[in-house]
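The next block holds one structure in the form of C-alpha cells; read it before the comments.
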C-alpha cells in the first residue's frame, strides 16, 4: 500500500508539472538540492527556521542557507526550501500549513521551490486529506493551509499553458524515505 | 534568471494622467454598453468567434478526459470500467443490442454532481442557520464579518476601510462578486488604485473591459491583441506570438504592486460553515500573495458560497477544477480560517444582492448551487458566436442569464436571455445539476410578462392559439406560396428579373439569404394520412415488438404543414410494422413555440388543448416524429402547469404514454441490427438533435435504429452540438443562428457523408434550408424518411 501511494503520488505530481527527487534521508535531501541549484548556476537559497536549525541539513550547503527575513529577500533568492505537512496521492499535492507569514512566503515567492516531504506522510486521496485538513484547522490552530500542486501556471492567454506566473516557476518535491517525527 | 526590475515604471509613466488618460489602467464605465451595441461589436469581431471555437473544442476534449481519468483511476488503482456488454433478449425470435451497463461509481461525474447538488440544497434550505454558524465560527477565529445587503454597502465598506487606513493601492485576486458590485469603479472615483493581479483580469482591466468568462476572463482575446496592449502599456515591443514573454511582462509588472499595496481583496470559492474558513483556488499564485502580503485582507463573497464542512469542500474541489479548467486540481487550493500574525486584519464581506430573493423562488433557487466554474459557457453554441460580453451581463454563460435579473435587474437580462437556443448542453455539464435551460425559459417568461412579446411575434402567437383559423391561414399560405418556391424551397436571392438578380433588402438577406425556406403545403399531412387509416392492420413486414399495438400519431404542426410527405411516411412505417394507427383529429400544436418565446399563458392554453385531445385517444402509445414535442410533453408540461395541480396531474398521466419516434423504435419495436438491410449506397451521418441527446439522453438509440436498417453511421465531429435553429432564436438573432449552422454544416461536410439524418423536424428545416442556400453536397433527412425509404427498399428486394 505504501508503495502504491508513493507511486501514485509521484505519477500525479509529475503530471501536474512538478519534478520529484527521491532521497533516503535529510542529508541526501540537502545534497540533492545543493546539486540542482549548483547546476542552475547557484545563488542564495532561503529556508524556513526548522531547516536552518537542523545541522544535518544545513551543513551540506557551500553557501549558508538564508532565513526568509522579508519578501524582497525571498523574491530575490535563487530558490527556497520548506517542508510540507503531508502529501496527497490522488492529486500529487504537497500540503502547507505554516502559520508564519515568512515561512509561507518561501513557497509563494521563490523562483524555484523545493518542497520536502516524507514518503510516509502521503494521504491516499482528498477525502482523507479533508479529514487531516479539518484537524489542522480546527484542532491545531493552523490558519492558512494550502494544497500545492505543481508550479504556478496560467492558461489565460488563448488557453496556452504557461508555467511560472506569480508563484514559483519550478517545483521540486524532495521525497524522503520514512515518516516525519511529528 | 530574470531580475525583478519592472520593464518600465508603469505606474510612474501613468502618473501624468493627461498624457495617458486614454489608457489609464482600470478606469471603466459604471455599466456595460447597451445590448445592441455589444451585439454588433461582437459580430464585427471576426477573431472572437474563432478564438472561442478553438477554446470550446479543446476544453470539451480535456474536460471529458479528466473526468473519465478520475473514474478509471479508482481509489485503489484498480480499473473501474464498463461491465462486459450484456445482450438483452426480448420476446419474439429476435435479439436487440442492449445498451452497455455503466457501473455506478462514486467517482462518476453524475454521481458526484448529484451528491454536491444535494449538499448545496440542504444549505440553501437552511441558509440562515448555516450562515449564523459560519459567521460565529469566523468571528471566533478573528475574522471581522460584515453583511452587505446591496452592492453599494459592500463597496462603501471597502472604501471606508481604505480611507480609514490611508490605503491608496489595493491588489485584487479574482472575484466575480467585486465585478458584480463594480468595486473598482467606486475605488477609482475616490483616487484609490485597484490592481487586478490575475493575469486575465489584469489584461481586462488594462483594456477597460470586463471579464467575458468567469474563469478565463479574456478568452475572447488573441495573443496578438494581448501583445499590442502590453506594448502600449509598457512602451516596449512585446512579441505578438510569444505567450511566455507576455506572461513574464505580467509577473514583472505586478510584483511591485504586490509589494506596495496596503490591502488585498480576494474572492472565495467556498465558505466552510463548520470552521468559519474560506476556501479559494487558483493556478497563478496571485491569490496567495494577495491574501498574505498586505496587512489588510478583505474577502468578498456571495452568501451562496456556503458549504457545511470540509468533506463537501473536497467534493467541490474535485468537481470545480475539472469543470472549470479540466484539471484534477488547481495549483493552489487554500483554506484560510483567520489572521496568522499580529497586525494582520481579515475582513469578510458577505453579499446578498438578490440571493435571498432567489432562494424564496422555487423555480430559481437551484441556481444558488452555482460554484462559478463556467462550464455552461464552455459548451454553449451562441456563447461561442458572441462571447460573454453579449451572452450575459456581468455574469456570463447560461448561469449569467439566470442570475442577472436578481443581481442586476430584469432589464439587464431581457435581451441576453433571448440568445439561448435551449439546446440544454449546459445542463449536461453543470457540476451541481442546475436546470439552467428551464430557468432561462422562466426568465424569458418574466421578461415577456413585464414587457410583452416582441411585436412580430404577437400576431403569430395570436393565430397559433386558434386552431381553426390557423388551419385556414396555413392552407391559404400554401396556395399563395406555391409560385414562390422551386424544388421545394423558397430562396429569394435566386429570384431573377430580366435575367438579373432581384435586389433584396438587407433584412431579407440577413433573415433568409443563408437558409432557404420550405414551401408551405396547401394540403397538410393529416389529409394525406386520413384516407389510409380505415385499412385494417397489416401483418408486419418484419417481426417486431410493436406488431398488433395501436399507435396514436401526433403529427406536429411543422411536419403537418411543411412536410406532409414526411407525415404520411411516418404513418406508413407504423402500418408496415403491423400497428393500428389512429390520428387524433383535433390535434394542433404542443405549445413549444409559445414556451420558447416566453409566452407562458399561450403555452398553457396549447398544453391544455393538447392534453385534452390526447387523453381521449385509445392507443397503446402516442408517438410523434418530432422529438421536441415529445420533450415538452414529457419534461415541461408539469412544470408549466405546476400552479394548477389538477392539470399537472393530467400532464403526468399523459407523459406515461407519449414517446418520440426513436424511443418507440428502440424500446418498443426493437429491431435487431440489419433487420431491414437493403442495398443503399449513401454515406449517412447523424446529428444528435440537441434536446434528444441532452434532455432524453438519446445517443446510442438512433444509431442502433440506423444499424437495424443495415446502414452504418459515419460519425461527424460535434454531432451533439446544436444546429442553431433554437426555435425563435433564428428569428431574433439570425446572424447567430447562421454562424452556429455553419459550424454544424462544416462538421457534416468534413465527415464526407452524403446524407445527414436527425430526429427533429425543426432541425431538418433549418439544416435542409442551409444546405440548399449554401450549396452543400449532402441531403438532409428526417429519421422517419430514412426508415420509410429503407422499408420500401427492403420490401422491393424481398
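The values are calculated or read from the model by the stated rules, or taken from the named source; none is laboratory data. For clarity, every value in this text was computed on a predicted model and none was experimentally measured. Note that we place each Cβ from the backbone using ideal geometry, even for glycine, and neighbour counts take in every protein chain shown.
Taking the numbered list (1) in a loop (DSSP other than H, G, I, E, B); (2) assigned by TED's automatic domain parsing to the domain that holds residue B:263 in turn, residue B:362 passes all entries but (2).
A single entry from A:55, A:49, A:64 fulfils the requirement of being within 24 Å of residue B:291 (Cα to Cα), more than 10 Å from chain B (Cβ to nearest Cβ) and surrounded by fewer than 17 Cβ atoms within 10 Å (Cβ to Cβ): A:49. Taking the residues in the stretch B:228-250 that are buried (at least 19 other Cβ atoms within 10 Å of the Cβ) and within 18 Å of residue B:54 (Cβ to Cβ) as candidates, determine which candidate is farthest from the chain's Cα centre (by Cα). Across the stretch B:228-250, the extreme among qualifying residues is B:246.
Quick check: is even one residue across the stretch B:208-224 closer than 18 Å to residue B:176 by Cβ and part of a helix (DSSP H, G or I)? No: the stretch B:208-224 contains no residue that is closer than 18 Å to residue B:176 by Cβ and part of a helix (DSSP H, G or I). Figure legend. Inter-residue proximity from the stretch B:137-151: first residues in contact (Cβ under 8 Å) with a residue 60 or more places away in the chain, second residues surrounded by fewer than 21 Cβ atoms within 10 Å (Cβ to Cβ) and assigned to a helix (DSSP H, G or I), beta-carbon distance below 6 Å, spacing 6+ or different chains. Indicated pairs: B:145/B:135; B:145/B:139; B:146/B:157.
Taking the criterion of being over 18 Å from residue B:711 (Cβ atoms), under 28 Å from the mean Cα position of the chain (by Cα) and not in a helix (DSSP H, G or I), the residues of the stretch B:764-787 that qualify are B:774, B:776.
Inside the stretch B:339-398, residues that are at pLDDT 95 or above and at positive phi make up a count of 7. Among the residues of the stretch B:527-555, those identified as in contact (Cβ under 8 Å) with a residue 60 or more places away in the chain and over 19 Å from residue B:792 (Cα atoms) are B:545, B:549, B:550, B:551, B:552, B:553, B:554, B:555. All of (1) buried (at least 21 other Cβ atoms within 10 Å of the Cβ); (2) part of a helix (DSSP H, G or I); (3) more than 14 Å from chain B (Cβ to nearest Cβ) hold for residue A:74 with one exception: (3).
Suppose we filter A:167, A:141 for residues that are out of contact with any helix residue (DSSP H, G or I) (no Cβ under 9 Å at 6 or more places or on another chain) and assigned to a loop (DSSP other than H, G, I, E, B); which single one remains?
On the way: A:167 fails: out of contact with any helix residue (DSSP H, G or I) (no Cβ under 9 Å at 6 or more places or on another chain).
Only one candidate passes the filter, namely A:141.
In the set (1) at pLDDT below 85; (2) in the same structural domain as residue B:603 (by TED's automatic domain parsing); (3) surrounded by 12 or more Cβ atoms within 10 Å (Cβ to Cβ), residue B:482 fails one condition alone, (2). Screening the candidates B:342, B:405 for the property of being without any contact (Cβ under 8 Å) to a residue 60 or more places away in the chain and out of contact with any helix residue (DSSP H, G or I) (no Cβ under 9 Å at 6 or more places or on another chain) yields one hit, B:342. Which of the residues that make up the stretch B:462-488 are touching a helix residue (DSSP H, G or I) at 6+ places or on another chain (Cβ under 6 Å) and in a loop (DSSP other than H, G, I, E, B)? Scanning the stretch B:462-488 gives a single hit, B:465. Here residue B:637 clears all of (1) over 22 Å from residue B:582 (Cα atoms); (2) surrounded by fewer than 21 Cβ atoms within 10 Å (Cβ to Cβ) except the condition numbered (2). Does the stretch B:154-207 hold any residues that are free of Cβ contacts under 8 Å to residues at least 40 places away in the same chain and either more than 14 Å from chain A (Cβ to nearest Cβ) or closer than 14 Å to residue B:349 by Cα (or both), and which are they? Within the stretch B:154-207, B:155, B:156, B:159, B:160, B:163, B:164, B:186, B:187, B:189, B:190, B:191, B:192 meet the criteria.
The set of residues in the stretch B:269-294 that are touching a helix residue (DSSP H, G or I) at 6+ places or on another chain (Cβ under 9 Å), over 23 Å from residue B:63 (Cα atoms) and within 10 Å of another protein chain (Cβ to nearest Cβ) comprises B:272, B:274, B:275, B:276, B:277, B:286, B:288, B:289, B:290, B:292, B:293.
Would you say residue B:222 is surrounded by fewer than 22 Cβ atoms within 10 Å (Cβ to Cβ) and either within 9 Å of chain A (Cβ to nearest Cβ) or closer than 29 Å to residue B:241 by Cα (or both)? Explain how you work it out, then say what you get.
Working: surrounded by fewer than 22 Cβ atoms within 10 Å (Cβ to Cβ): yes; either within 9 Å of chain A (Cβ to nearest Cβ) or closer than 29 Å to residue B:241 by Cα (or both): yes.
Judged against the criteria, residue B:222 is a match.
Given the criteria assigned to a helix (DSSP H, G or I) and more than 7 Å from chain A (Cβ to nearest Cβ), does residue B:315 qualify? It is true that residue B:315 is assigned to a helix (DSSP H, G or I) and more than 7 Å from chain A (Cβ to nearest Cβ).
Scanning the stretch B:747-768 for residues that are out of contact with any strand residue (DSSP E or B) (no Cβ under 6 Å at 6 or more places or on another chain) and farther than 21 Å from residue B:694 by Cβ returns B:749, B:750, B:752, B:754.
Scanning the stretch B:189-203 for residues that are more than 13 Å from residue B:173 (Cα to Cα) and in contact with a strand residue (DSSP E or B) (Cβ under 7 Å, 6 or more places away or on another chain) returns B:192, B:193. When B:522, B:568, B:547, B:537 are checked against the criterion of being outside any strand (DSSP E or B), within 21 Å of residue B:780 (Cβ to Cβ) and assigned by TED's automatic domain parsing to the domain that holds residue B:669, a single residue qualifies: B:568.
Here residue B:347 clears all of (1) more than 26 Å from residue A:107 (Cβ to Cβ); (2) more than 14 Å from chain A (Cβ to nearest Cβ) except the condition numbered (1). Evaluation of residue A:98 against the conditions (1) in contact with a strand residue (DSSP E or B) (Cβ under 8 Å, 6 or more places away or on another chain); (2) at the interface with chain B (Cβ under 10 Å from one of its Cβ atoms); (3) at pLDDT 95 or above shows that the sole unmet condition is (3).
Give me a count of the residues in the stretch A:77-129 that are farther than 30 Å from residue B:106 by Cα and outside any loop (DSSP other than H, G, I, E, B).
Within the stretch A:77-129, residues that are farther than 30 Å from residue B:106 by Cα and outside any loop (DSSP other than H, G, I, E, B) number 19.
Among the residues of the stretch A:126-165, the ones that are crowded, with 24+ Cβ neighbours inside 10 Å and out of contact with any strand residue (DSSP E or B) (no Cβ under 9 Å at 6 or more places or on another chain) come to 1 in all.
Any residue that is within 14 Å of chain A (Cβ to nearest Cβ), more than 26 Å from residue A:95 (Cβ to Cβ), surrounded by 24 or more Cβ atoms within 10 Å (Cβ to Cβ) and touching a residue at least 24 places away in the same chain (Cβ under 8 Å) - is there at least one of those in the stretch B:355-375? Yes, the conditions are met somewhere in the stretch B:355-375.
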